[in-house]
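The values are calculated or read from the model by the stated rules, or taken from the named source; none is laboratory data. From a predicted model like this one, the values you see are computed outputs, not experimental measurements. Note that each Cβ is placed from the backbone with ideal geometry, even for glycine, and that neighbours are counted across all protein chains shown. Each accessible area value is taken on the protein alone, full model and side chains, heavy atoms only, with ligands, DNA and RNA left out. Shrake-Rupley method; radii C 1.70, N 1.55, O 1.52, S 1.80 Å.
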Amino acid sequence: MRSRGAGPGASDDGAPCEHDGMAIQDSRLIRAAGLSDAQAITGLLAQLGYPDEIANVSARLERLDTRQDTGVLVAEIDGQVTAVAAYQLMDLLERRQPQCRITTLVVRADARRRGLARGLLERIETVASERGCFRLEVTTQAHREDAASLYLALGFQERPRRLVKPLLSS
């Protein structure tokens, strides 16, 4: 897969983390997702509430990789994929500039509160800025209070009205 969004400075190696009052060292990397990440991403999506088969996730990764307006990033700790984020750049009829919609963000349960979500969001923000986007947009379910708190802390503003209509064909 191509490396959109994983340019210079993609690694954050050896960043100390606080865990149970002890500083620990780990090796971190944020990079573009590849097909070899499908199994780990499938597990992460299941933790988010979207269980699926590895083959299906792999096919979607492959399809997304052919597009110029999407990206999928993963965060690794010590060589293991522990988080994933996906985004889509969208041209809007009513705006001169595109917007960037974060479509997926999940961190493995045992790796949360270590800065991975923040790192992925910062990388996406950089890509969006470089591509001329005027804003980032993300949605989260009401019961995901930790996610909403993170987004608010990072400068997102809540706009509570969102309407969706499921289509029978999906």
So for the stretch 140-161 (the condition being open to solvent by 70 Å² or more (accessible area, probe 1.4 Å) and under 12 Å from the mean Cα position of the chain (by Cα)), does at least one residue qualify? no
Filter the stretch 33-59 for residues that are of a type in the set (D, E, K, R) and not in a helix (DSSP H, G or I); which is surrounded by the most Cβ atoms within 10 Å (Cβ to Cβ)? Asp52
Any residue at all in the stretch 70-78 that is under 22 Å from Gly43 (Cα atoms), among the acidic types (Asp, Glu) and either open to solvent by less than 80 Å² (accessible area, probe 1.4 Å) or touching a His at 6+ places or on another chain (Cβ under 6 Å) (or both)? yes
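If the requirement is being among the basic types (Lys, Arg), open to solvent by 30 Å² or more (accessible area, probe 1.4 Å) and closer than 22 Å to Val57 by Cβ, which of these qualifies: Arg135, Arg112?
Arg112
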Any pair with Cβ under 7 angstrom, 6 or more apart, that starts in the stretch 127-153 at a residue that is under 16 Å from Leu105 (Cα atoms) and ends at one that is modelled with pLDDT of 90 or more and open to solvent by 70 Å² or more (accessible area, probe 1.4 Å): Leu136/Glu125
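Here is a yes/no grid of residues against (1) touching a helix residue (DSSP H, G or I) at 6+ places or on another chain (Cβ under 8 Å); (2) farther than 18 Å from Arg28 by Cβ:
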residue	(1), (2)
Ala75	yes, no
Ala83	yes, no
Ala86	yes, yes
Leu92	no, yes
Arg108	yes, no
Arg118	yes, no
Arg131	no, yes
Ala148	no, yes
Take Ile102 and decide whether it is without any contact (Cβ under 8 Å) to a residue 40 or more places away in the chain and hydrophobic (A, V, I, L, M, F, W, C). yes
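Going through Met90, Met1, Met22 one at a time, which residue ends up being under 17 Å from the mean Cα position of the chain (by Cα), modelled with pLDDT under 95 and open to solvent by 40 Å² or more (accessible area, probe 1.4 Å)?
Within the list Met90, Met1, Met22, the selection yields Met1.
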Taking Ala148 as meeting all but one of (1) modelled with pLDDT of 95 or more; (2) more than 23 Å from Leu64 (Cβ to Cβ), write down the number of the exception. (1)
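So which residues in the stretch 115-132 are open to solvent by 60 Å² or more (accessible area, probe 1.4 Å) and more than 15 Å from Ala83 (Cα to Cα)?
Taking the stretch 115-132 and keeping what is open to solvent by 60 Å² or more (accessible area, probe 1.4 Å), we get 118, 122, 125-126, 129-131.
Glu125, Thr126, Ser129, Glu130, Arg131, listed by residue number.
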